[in-house]
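Just so it is clear, none of the values below were taken in a lab; they were calculated from the coordinates. Keep in mind that this is a model prediction, so the values were computed, not measured. Every residue, glycine among them, receives a Cβ derived from its backbone with ideal geometry; neighbour counts consider all protein chains shown.
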Amino acid sequence: MDRGFTRRERLLKRGDYVRLFTRGRKYHTASFMLFHAGNTLSHARLGITVSGKVAAAVRRNRIKRLVREFFRLSKHLFLPGYDYSIVAKRHCRPESTAVVAAELTPLLERLGRDRDPWSKGSNKA
């Protein structure tokens, strides 16, 4: 399994973010908003947004590093063929990748179950 965070797995263009924010589904956790929408690729892509309103530059960069590390270690939770954008909320203060994982993993697992027509509790038949 690839453990990197390569250029092809990143959202790099403004248009991709605009498409996600206007057409994608939005979900909330205590510290993050997650947007996701389908793409035409065979892999998932991730974008991370941490506003200056959240914290000073050092803290913003730490939050982005923690989210990237979570993505790198948990790629199996991100459905191929989807773009994801994780936006930190104003009071976001994760201390470790484990804290980020504890918050985002249940949401991503639920999204994966909703997309799998064979899973229990799916709303697709």
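In debye, nearest 20: dipole of the range 20-67 around its Cα centre with unit charges on the Cβ of K, R (+) and D, E (-)?
Numbers: 10 positive and 0 negative charges, 31 e Å.
That gives a dipole near 140 debye.
Excluding same-chain pairs closer than 8 in sequence, count the lysine pairs in the chain whose Cα atoms lie under 24 Å apart.
18
Give me the number: length gained by fully extending Ala30 to Arg110, i.e. 0.36 nm times residue separation minus the C-alpha to C-alpha distance, one decimal in nm. Could the numbers behind the result be given before it?
Values: separation 80, 0.36 × 80 = 28.80 nm, distance 1.61 nm.
Here the segment from Ala30 to Arg110 would lengthen by 27.2 nm.
Suppose we flag trypsin sites (Lys or Arg not before Pro) only when DSSP calls them loop and at most 13 other Cβ atoms lie within 10 Å. Which is the longest uninterrupted stretch of the chain?
Numbers: sites that count: Arg3, Lys13, Lys53, Arg90, Lys120, Lys124.
That would be 14-52.
Based on DSSP H runs of at least 4 residues, each adding -39500 (n - 2.57), what is the mean residue ellipticity at 222 nm of the chain after dividing by all its residues, to the nearest 500 deg cm²/dmol? Let's see the in-between values first.
Numbers: 3 runs with 46 residues, N = 125.
Calculated from helices alone, the mean residue ellipticity at 222 nm is -12000 deg cm²/dmol.
Please give the length that would be gained between Ala37 and Ser51 if that part of the chain were fully extended, namely 0.36 nm times their separation in residues minus their C-alpha to C-alpha distance (nm, one decimal). Don't jump to the answer; show the numbers that get you there.
Details: separation 14, 0.36 × 14 = 5.04 nm, distance 2.16 nm.
Result: 2.9 nm gained on full extension.
For a label point 7 angstrom out from the Cα of Arg3 toward its Cβ, which stretches of the range 71-102 have the backbone nitrogen within less than 13 Å?
Backbone N within reach: 72-75.
Quick one: putting +1 on the C-beta of Lys and Arg, -1 on the C-beta of Asp and Glu, what dipole do you get for the chain around its Cα centre, in Debye to the nearest 20?
Details: 28 positive and 10 negative charges, 97 e Å.
Value, rounded to 20: 460 debye.
Give, as a single signed number, the net charge of other residues whose beta carbon lies under 13 Å from the beta carbon of Gly24, with Lys and Arg counted +1 and Asp and Glu -1. Show your work: numbers first, answer last.
Working: positive: Arg19, Arg23, Arg25, Lys26, Arg45; negative: Asp16, Asp83.
Net charge around Gly24: +3.
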